[in-house]
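The values are calculated or read from the model by the stated rules, or taken from the named source; none is laboratory data. Remember, predicted model here, so these are calculated numbers, not experimental data. Cβ coordinates were reconstructed from backbone atoms using ideal geometry, including for glycine residues, and neighbour counts include every protein chain displayed.
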Amino acid sequence: MSKATIVVFSGDLDKALAAFVIAQGAAATGMDVTLFFTFWGINLVRDENKKALKDKDFMSKMFGWMMPKGANKLKLSQMHMAGMGTSMMKKRMAEKKVNSLSKMIKDAKELGVKFLVCDMSMDIMGLQKEEFIDEVDEIVGVGAYIKASKGAELTLFI
């Protein structure tokens with residue numbers, strides 16, 4: 001089976017949309033697709049309703065407070081304009097019947113896309129596995145991503 005791997009590094013809405021459109025397209029054509037969420041990309045898979053189970057240190061609390069919590073809180077990389085640009089983009093997507101990022105996440109999972117979260121990024125930012133959406137398959141080190149990308153026909157960094 002052919003494989004595709006995507007490093008989801010950015011926490012910007014437009015870049016996240018691109019990652020999920022490509023992931024769904026690849027999965028729909030029969031490819032084995034893995035998304036590796038690292039650094040700001042892990043904010044995409046944070047669940048806005050879940051809380052950490054353990055106490056956090058000051059820096060971890062600050063990261064958690066400052067970072068967007070989930071797909072619905074992401075901003076555009078360009079033309080955000082204090083939220084107006086992001087709202088316009090979401091409205092335009094709805095008008096054109098383009099699924100929201102939250103729906104794309106669920107659809108990608110239904111197509112069999114694997115979701116891996118970088119444990120180093122998670123640790124640096126003070127996040128815990130209990131804070132992520134249910135679609136996340138594993139918390140892993142970079143070695144797991146390297147293994148998943150070995151022999152991949154498509155490898156992207158977004």
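Matching residues to (1) within 17 Å of the chain's Cα centre (by Cα); (2) over 15 Å from Gly41 (Cα atoms); (3) modelled with pLDDT under 95:
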site: Gly85; (1), (2), (3): no, yes, yes
site: Lys103; (1), (2), (3): yes, yes, no
site: Ala108; (1), (2), (3): yes, yes, no
site: Leu111; (1), (2), (3): yes, yes, no
site: Leu116; (1), (2), (3): yes, no, no
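Selection over the range 1-22 of residues that are within 16 Å of Lys73 (Cβ to Cβ), outside any helix (DSSP H, G or I) and of a type in the set (D, E, K, R) gives a count of 1.
Condition (residue is at pLDDT 90 or above, closer than 30 Å to Leu154 by Cβ and part of a helix (DSSP H, G or I)) applied to the range 44-61: is it met by at least one residue? Yes: the range 44-61 contains one or more residues that are at pLDDT 90 or above, closer than 30 Å to Leu154 by Cβ and part of a helix (DSSP H, G or I). For the structure I just gave you, tell me whether Ala152 is in a helix (DSSP H, G or I), in contact (Cβ under 8 Å) with a residue 12 or more places away in the chain and farther than 26 Å from Lys56 by Cβ. No; evaluated as a whole, the condition is false for this residue.
Exactly one residue among Phe132, Phe115, Phe157 is of a type in the set (A, V, I, L, M, F, W, C), more than 27 Å from Met1 (Cα to Cα) and in contact with a strand residue (DSSP E or B) (Cβ under 9 Å, 6 or more places away or on another chain), and that residue is Phe132.
From the list Ala27, Ala52, Ala23, the lone residue that is closer than 25 Å to Met122 by Cα, of a type in the set (A, V, I, L, M) and in contact with a Gly (Cβ under 8 Å, 6 or more places away or on another chain) is Ala52. When every residue of the range 39-57 is checked against the conditions, at least one turns out to be small (Gly, Ala, Ser), surrounded by 13 or more Cβ atoms within 10 Å (Cβ to Cβ) and closer than 29 Å to Ile146 by Cα.
Being closer than 30 Å to Thr29 by Cα and touching a Pro at 6+ places or on another chain (Cβ under 6 Å) is true for just one of Leu74, Leu116, Leu44. Which residue is that? Please lay out each step first, then the result.
Details: Leu116 fails: touching a Pro at 6+ places or on another chain (Cβ under 6 Å); Leu44 fails: touching a Pro at 6+ places or on another chain (Cβ under 6 Å).
Result: Leu74 is the single residue among Leu74, Leu116, Leu44 that is closer than 30 Å to Thr29 by Cα and touching a Pro at 6+ places or on another chain (Cβ under 6 Å).
For the range 11-37, the set of residues classified as surrounded by fewer than 21 Cβ atoms within 10 Å (Cβ to Cβ) and in contact (Cβ under 8 Å) with a residue 12 or more places away in the chain consists of Asp14, Lys15, Ala18, Val21, Ile22, Gln24, Ala27, Ala28, Gly30, Asp32, listed by residue number.
Only a single item in (1) at pLDDT 95 or above; (2) in a helix (DSSP H, G or I) is not met by Ile139, and it is number (2). Applying the criterion of being assigned to a helix (DSSP H, G or I) and in contact (Cβ under 8 Å) with a residue 60 or more places away in the chain to the residues of the range 107-119, the residue that is surrounded by the fewest Cβ atoms within 10 Å (Cβ to Cβ) is Asp107.
Going residue by residue through the range 48-71, is there one that turns out to be over 23 Å from Val140 (Cα atoms) and aliphatic (A, V, I, L, M)? Checking the range 48-71: at least one residue is over 23 Å from Val140 (Cα atoms) and aliphatic (A, V, I, L, M). When the range 23-43 is filtered for residues that are aliphatic (A, V, I, L, M) and part of a helix (DSSP H, G or I), the ones remaining, listed by number, are Ala23, Ala26, Ala27, Ala28, Ile42.
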